[in-house]
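Read the figures in this text as sums done on the coordinates, not as results from a lab. Computed from a predicted model, the values in this text were never measured in an experiment. Please note: Cβ atoms are built from the backbone with ideal geometry, for glycine as well, and neighbour counts cover all protein chains shown.
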Amino acid sequence: MPKLTNQEIAGIFARVADMLEIKGESIHRVLAYRRASETIAELPRDLSAVCEENKLTDLPHIGQTLAEKIEELLTTGELTFYKRLAAEVPPGVVDMLAISGMGPKRAALFWKELGLTGVGELEKAAQEGRLRTLPGMGAKSEAKILEGIQALARRTDRLPLDRALPAAMQILERLMMLPETLQGDVAGSLRRRRDTIGDIDILVTSQMPAPIMEAFNNLPEVARLLVSGDTKSSVELHTGQQVDLRILPPERYGTLLSYFTGSKEHNVRLRELALKKGLSLSENAFTVVETAEEILCATEEAVYNRLGLPWIPPELRENRGEIEAAQEGSLPDLIEMGDIRGDLQMHTTWSDGKASVIDMAQAALTLGREYILITDHSYGLGIVQGLKPDDIARQRAEIDGANEKLHGQIIILQGIEVEIKADGSLDFDDDILAQFDIVLASMHTGLQQPREQVTARLIQAIRHPRVSIIGHPRGRLIPDREPAALDMDVVLSEAAHHDVAMEINANPRRLDLNDHYARRAVELGVKLAISTDAHSPEQLSMMHYGVSTARRGWIEAKHVINTWPRDKLLTWAKEREI
DNA sequence: GCCGTTTTCGGCCCGACTGTTTTCAGTCG
């Protein structure tokens, strides 16, 4: 029997939390399960490995009770406690929680008073006007729930960064043009640069919020108004995306920005710190608990300083140790765009790229790169026209010519994205690979292989003496394709041992490694490369997505090989060949 | 159910908005 994955166990705990909440259990017990679920979902290692080491209770929000439940799940694949709850609370009632406007209280009410046990039955009851007969319910609430059910049917999943960011910036820019607007930012998970975005949060300061609210609610992108008050408005765009706007006067901007940048877990920690200093923290201000006197913060620095902390970069605000690091003065010196000297994966017309070598080089030059590595596909990847062995010398000649034309303003290196075949062997022989300056190896097919097989396959590539970098190691695509079932701790340990760099692919549909595994990689001593994998000159500017992902993984410039000068990079690639 | 510079018990974040209320409960972020 295959062991349950972290995601499956996290899902079970999240569902337990929902069921307990519907039952009316203590909210703190509910939150305990929910927090444990988040811990497990975010864990960059296999829970079974942690379990074998007997270290489950070392994990945040996992105590003795939950550790035993995890052990039961890992050994038997089932959880008695879960089965007992599921027999009590019908699964369809839990599903009702996904409906906007529905919470545990209402789900329990409809279930117990009307006997409704699923979203379908709920919809029918709402259409028949039966919900409004219940205490605390009315025609409007009923209509809202009906609307929520319809919204659920057309719900859009979380947006990839490259769709959310331009959409948010366009709205922000319109609001910034209004004379009443003083400052503005995109906040929320977008400011933290998570790999996918749920709702878009936009913050603005003004002394006259009403005209800004009005303009926002009437933007052409807006399909319907969800909520509108004095300081807050929520709308749904035609794309189905929800956008929230908050407006406060500028003297309160620090607390507002900090609050709505989140994450929720980071905010909880900040509030706890505030309470220890006798302060209550909200989006509006600090409030002295004893006197009710307000302390306003116009900047985020002021908020953090009031708590005795240095400012914490938004990408770190996930409650993954950043508060403790800030207290100790040991926050990482995060990598920045300015640290990036080169780009180590891109494609040209020699394979499936849209532009020539020199066009890519010139575009990279305008972005300030000092060197680039051209990494066309090897021909074995059937779906694209790849580089054949007898193309290599001709491509080298073209690269030499382009280097000459560019007079050393930027240096073009010849690399290859060699295919890791299903059996773990490479598409090119050693003597062919020896012709390239740096070899990048990637998997594009057979990503659904069983865990043991795909892990062994990637390890075989890592052990290959000519391979310096592994491209997009897990092979995920946002939002369509799940990553390969790799045992990443084994893979990363092997990469550390053989000094092979792992890529953070900066394409916003990949971001692979992601933040968790990038951090784990560096913990294990693995070097990283951040590359755009550009297939056109425009895509070379996607580098910032990769840098943001690295920052979320606590990565510093010293961990990333394309922050090095070219000579150091080439020496490393040469020396690590056996 | 977790957690601890309030440490083995007693806490556990806070405010806006909406609808159904006449002072508040539920949901959301």
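At-a-glance table
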| quantity | calculated |
| --- | --- |
| 3J(HN,Hα) from dihedral phi, the stretch A:512-517, Karplus parametrisation 6.51/-1.76/1.60, rounded to Hz, x for glycine, proline | 9, 4, 8, 4, 4, 6 |
| Restricting the stretch A:231-318 to chymotrypsin sites (Phe, Trp or Tyr not before Pro) in coil, as DSSP defines it, with at most 13 other Cβ within 10 Å | none |
| The stretch A:87-175: GluC sites (Glu not before Pro) in DSSP coil with no more than 10 other Cβ atoms inside 10 Å | A:Glu128 |
| Projected label distance in nm at A:Ser280 and A:Leu97, using a 7 Å step from Cα toward the beta-carbon | 2.8 |
| When each of A:Lys83/A:Lys124; A:Lys69/A:Lys124; A:Lys83/A:Lys112 is checked by Cα-Cα distance, pairs over 30 Å | A:Lys69/A:Lys124 |
| Residues A:Lys277, A:Lys421 arranged by fewest to most Cβ contacts within 10 Å | A:Lys277, A:Lys421 |
| Lysine pair number, Cα distance threshold 28 Å (strictly under), the stretch A:337-575, separation 8 or more or different chains | 15 |
| For A:Ile504, residues with placed amide H under 5 Å, excluding near neighbours | A:Leu513, A:Ala529, A:Ile530, A:Ser531 |
| Full-stretch length increase - A:Arg394, A:Asp489 - with 0.36 nm per residue and alpha-carbon distance subtracted | 30.2 nm |
| In nm, spacing of pseudo-spin labels at A:Ser356 and A:Ala153 (7 Å Cα→C-beta vector) | 5.5 |
| Angle between chain A longest axis and helix A:27-42 axis [Cα atoms, degrees, rounded to 10] | 10 |
| Rounded to 10°, Cα long-axis angle of helix A:488-498 versus longest principal axis of chain A | 30 |
| In Hz, Karplus ³J(HN,Hα) per residue of the stretch A:447-461 (6.51, -1.76, 1.60; θ = phi - 60°; x = Gly, Pro) | 6, 8, 4, x, 3, 4, 5, 6, 5, 4, 5, 5, 5, 4, 5 |
| FRET efficiency, A:Ala41 to A:Gln435 (Cβ-Cβ, R0 45 Å, nearest 0.05) | 0.55 |
| Length gained when the stretch A:Met337-A:Glu214 is fully extended (0.36 nm per residue, less Cα-Cα span) | 40.6 nm |
| Selection from A:Met346, A:Ala108, A:Leu296 lying farthest towards where the dipole of chain A points positive, charges on Cβ | A:Ala108 |
| Cross-link partners of A:Lys277 among lysines (Cα-Cα below 21 Å; sequence separation of 8 or more within a chain) | A:Lys264 |
| Cα gyration tensor shape of chain A, rounded if a/c is under 1.5, else prolate or oblate by comparing a/b with b/c | prolate |
| Net charge dipole size for chain A [Lys, Arg +1 and Asp, Glu -1 on Cβ; Debye, nearest 20] | 1360 |
| Set of aspartates and glutamates with alpha-carbon distance to A:Lys140 below 16 Å, sequence-local pairs under 8 removed | A:Glu123, A:Glu128 |
| Separation of the A:Gln7 and A:Gln327 label points, Cα + 7 Å toward Cβ, nm | 3.4 |
| The stretch A:156-248 shape via C-alpha gyration tensor axes, a/c threshold 1.5 | prolate |
| For A:Trp350, residues with placed amide H under 5 Å, excluding near neighbours | none |
| Using θ = phi - 60° and Karplus 6.51 cos²θ - 1.76 cosθ + 1.60, couplings along the stretch A:304-315 (whole Hz; Gly, Pro as x) | 5, 4, 4, 8, x, 10, x, 4, 10, x, x, 4 |
| Sites A:Gln183 and A:Lys140 - FRET efficiency at Förster radius 45 Å, r taken between beta-carbons, to 0.05 | 0.80 |
| Contour minus Cα-Cα distance for A:Thr445 and A:Trp311 (0.36 nm per residue) | 43.9 nm |
| DSSP-defined antiparallel bridges as percent of all bridges, chain A, nearest 5 | 45 |
| Of A:Val526, A:Leu447, A:Pro91, farthest towards positive along the dipole that unit charges on Lys, Arg, Asp, Glu beta carbons give chain A | A:Pro91 |
| Long-range amide H partners of A:Phe286 with built H, under 5 Å | A:Ile295, A:Cys297 |
